[in-house]
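The values are calculated or read from the model by the stated rules, or taken from the named source; none is laboratory data. It should be emphasised that the depicted structure is a prediction, and the values quoted were computed from it without experimental measurement. No Cβ is skipped: glycine too gets one built from the backbone with ideal geometry, and neighbour counts run over all protein chains shown.
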Amino acid sequence: MLVFKSLEQQQQLTQLKNDFISNVSHELKTPISTVSVAIEALSSFDALKDPHRTKEYLAISQMELNRLNLLVDHVLRTALFDQKQQIYQFEEINLSSLIEEILHSLKFQFEKHQAQVDFHPSGSNFRVTADRIHLTNVIYNLIDNALKYSNNQPRVTLHLEDQGEQLVVRIQDEGIGIPPQYQQQVFEKFFRVPTGNIHNVKGHGLGLNYVHQVMGAHGGTVTLHSEPGQGSTFVLYFKR
């Protein structure tokens, strides 16, 4: 009996460690990708002849490197205190301002994909109590998916609605969509929607599971509305 419990505890610890590594890997991916695209963009034109553009690219890169530094610090603190779950540092955040910052930092990706991205806030109170790092990663993940699973020149629309007792974020694309039989599974770890030859996108099936975990830790929810060939809309609900 004791041996069985010991094995069960060991399996739980292994699973927790694997979850932690998976989530951390996903968190670190976006700022690294953004800086890589910035360097690629800087190398494609004469920086000395366009100092304004160069300054803008360097500013975005610096912002992402600062975020990467915060993520590394977050990882070290989690490891130091031997936490069995993600550490969340909740603070009051203006969600509209945060989304604006995210869209600005993703400018390189939008240019690379020739994407049209619109943001429509509605209301007056956009403050919510949340973990800035995790919430930033959630929105990054959903926008990144909208770009990856769209065809040429993606169109992505973000709506932020102040509904009094809750804030609602809708991230809508006009991409390939998700068949109905897979929509209940997309938030499961390692699940990837079979796309055949329609779209060749690399991934590990971790992003939406991470989104689901973070929203749950915030006392919120995430839902999906999708039509194959017409696109997908992910909706984030934050209680206040």
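A count restricted to region 118-127 and to residues that are in contact with a helix residue (DSSP H, G or I) (Cβ under 8 Å, 6 or more places away or on another chain) and not in a loop (DSSP other than H, G, I, E, B) stands at 3. For region 208-240, filtering for residues that are part of a helix (DSSP H, G or I) and either at pLDDT 95 or above or exposed (fewer than 13 other Cβ atoms within 10 Å of the Cβ) (or both) leaves 2.
Yes or no, residue by residue, for (1) of a type in the set (D, E, K, R); (2) under 17 Å from the mean Cα position of the chain (by Cα); (3) within 22 Å of Tyr57 (Cα to Cα):
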position: Phe108; (1), (2), (3): no, yes, yes
position: Val117; (1), (2), (3): no, yes, yes
position: Gly123; (1), (2), (3): no, no, no
position: Phe126; (1), (2), (3): no, no, no
position: Leu135; (1), (2), (3): no, yes, no
position: Ile139; (1), (2), (3): no, yes, yes
position: Leu142; (1), (2), (3): no, yes, no
position: Asn145; (1), (2), (3): no, yes, no
position: Arg155; (1), (2), (3): yes, no, no
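Just to be sure, is Val156 of a type in the set (A, V, I, L, M), crowded, with 21+ Cβ neighbours inside 10 Å and either touching a strand residue (DSSP E or B) at 6+ places or on another chain (Cβ under 9 Å) or in a strand (DSSP E or B) (or both)? Yes. Taken over region 139-192, the residue count meeting the criterion of being hydrophobic (A, V, I, L, M, F, W, C) and under 20 Å from His113 (Cβ atoms) is 10. Could you please tell me which pairs satisfy a Cβ distance under 7 Å, a separation of 6+ or placement on different chains, a first residue in region 53-70 that is surrounded by fewer than 17 Cβ atoms within 10 Å (Cβ to Cβ), and a second residue that is among the hydroxyl-bearing types (Ser, Thr, Tyr) and at pLDDT 75 or above? Cβ pairs passing all conditions: Met63/Ser105. At least 2 residues being more than 26 Å from Val128 (Cα to Cα) and at pLDDT 70 or above is the threshold, and among the helices (runs of 4 or more DSSP H) wholly inside region 30-117 those reaching it are 51-80, 107-113. The set of residues in region 207-235 being closer than 13 Å to Gln172 by Cα and of a type in the set (Ser, Thr, Tyr) consists of Thr223, Ser226, Ser232, Thr233. Determine whether Ala130 is aliphatic (A, V, I, L, M), buried (at least 22 other Cβ atoms within 10 Å of the Cβ), out of contact with any Cys (no Cβ under 6 Å at 6 or more places or on another chain) and not in a strand (DSSP E or B). For Ala130, the condition - aliphatic (A, V, I, L, M), buried (at least 22 other Cβ atoms within 10 Å of the Cβ), out of contact with any Cys (no Cβ under 6 Å at 6 or more places or on another chain) and not in a strand (DSSP E or B) - is not met.
Between Gly177, Gly205, the distinction of being small (Gly, Ala, Ser), in a loop (DSSP other than H, G, I, E, B), in contact with an Asp or Glu (Cβ under 6 Å, 6 or more places away or on another chain) and surrounded by 15 or more Cβ atoms within 10 Å (Cβ to Cβ) belongs to Gly177 only.
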